[in-house]
1. Residue 100: which lysines have alpha carbons under 16 Å from its alpha carbon, excluding same-chain residues fewer than 8 sequence positions away?
2. Between residue 326 and residue 24, what length comes free when the chain is fully extended (0.36 nm per residue of separation minus the Cα-Cα distance, one decimal in nm)?
3. Counting only heavy atoms of protein chains, what accessible area per residue, in Å², does the chain have with a probe of 1.4 Å?
4. Could you work out [θ]222 nm for the chain from helices alone, using -39500 (n - 2.57) per DSSP H run of at least four and dividing by all its residues? Round to the nearest 500 deg cm²/dmol.
5. Quote the Stokes-Einstein diffusion coefficient, in whole µm² s⁻¹, for the chain, based on the Kirkwood radius over alpha carbon pairs, a temperature of 25 °C and a viscosity of 0.890 mPa s.
6. For the range 1-145, what mean projected area does the convex hull of the alpha carbons give, in nm²?
7. Work out, step by step, the length gained on full extension between residue 78 and residue 162: first 0.36 nm times the residue separation, then minus their alpha carbon distance; give nm to one decimal.
8. Compare the peptides 85-97, 200-212, 122-134, 300-312 by average per-residue count of other Cβ atoms within 10 angstrom and give them in order, highest first.
Amino acid sequence: MKRDNYILGIETSCDETAVAIVKNGREIISNVVASQIDSHKRFGGVVPEVASRHHVEQITIVLEEAFKEANMTWEQVDAISVTEGPGLVGALLVGVNAGKALAFAKQKPLVGVHHIAGHIYANRFEREFEFPLLALIVSGGHTELVLMNEHGSYELIGETRDDAAGEAYDKVARMLELPYPGGPQIDRLAAEGEESIEFPRAWLENDSFDFSFSGLKSSVINTIHNATQRGESLNKEDIAASFQASVVDVLTAKTYKAAQKYNVRQVIVAGGVAANQGLRKALETKFGSTHSPLLIPPINLCTDNAAMIAAAGFVAYKQGERSGWDLNANPSLVLN
Ligand code: KG4
Ligand code: ZN
């Protein structure tokens, strides 16, 4: 009989301190997330120094909670996986050092994981992967299309040339004086507004799977500035709806085109912006009648968590990957 593997995951790349225990890469045994959103809210965004300090304060508490929730002991853990990058360097360092210290003290193998691989593997809790698979990753730091031909293999076929989708959401929300994080706020307002303003869509050169959101962002900011200068009142709902329509149009069309080009068997969506209701609806409509089943994780697994890091770590662990004591935080780690 095949033995079960339990992986402990650690995630501290941005503003959530998270620890989880996952069985065989597909079953969540415990999943604890301490969010710092409230601390960063008053600054309107994540303050790296504040994030690092919170991680230091939270990591041991969250770790203990993860074991308590799982009702497990260290003896049952087969390996530790930790996000080594990309992310905020000071924040990553807390998780990486916790992972190394625990691996050393408890004599467990250590596996460094790419944060985006984690977001992709959050979908495997829902359904087993079928390859080739196309992943659309949309988060605060990333907008990427990744092609996977097998477990643990990632080919970048498109990425943003400037802002990430979530970053554009957060910046536009800030202009509309909405609290941080702005994505969910705009999503909520968009549902109440009309797409009355024609904002640009950056399709880029023919056949490019790259993205660009800085032109859209500037266009929204100009619209807000002009209205304010003329003393006109802003219809935030309509601005949100029009902005969201532009983002969703481009994300959906490029994902669809890439899915056809690479003839994929599955399309998965990952990252915080995958929680967006407008995007979920548009993708479901677009892929509804195709042979590429669409997978979008439940909202609590869209945003940063450690279960996804343990799920990606399980695959790397099974493929024999091990990190040494020289494992370091890498803020610009490349997915490959
Ligand atoms: O994946 P994530 O939790 O952290 C990163 O790795 O970046 O993503 C956070 C991003 C933020 O920019 C946030 O505004 C955005 O995801 N977000 C959303 C929604 N929920 C979170 N954006 C649009 N609509 C949402 N419902
Ligand atoms: Zn993330």
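The values are calculated or read from the model by the stated rules, or taken from the named source; none is laboratory data. Bear in mind that the values here come from a model prediction, so they are computed numbers and not experimental data. Cβ coordinates were reconstructed from backbone atoms using ideal geometry, including for glycine residues, and neighbour counts include every protein chain displayed. All accessible areas refer to the heavy atoms of the entire protein, side chains included, with ligands and DNA or RNA removed. Shrake-Rupley method; radii C 1.70, N 1.55, O 1.52, S 1.80 Å.
1. Leaving aside lysines fewer than 8 places away in the same chain, those within reach of residue 100 are 108.
2. 106.1 nm
3. On a per-residue basis, the chain sits at 43 Å².
4. -13500 deg cm²/dmol
5. 120
6. Mean shadow area of the hull around the Cα atoms is 9.6 nm².
7. Stretched out fully, the residue 78 to residue 162 stretch lengthens by 26.3 nm.
8. Listed from highest to lowest mean packing, they are 300-312, 85-97, 122-134, 200-212.
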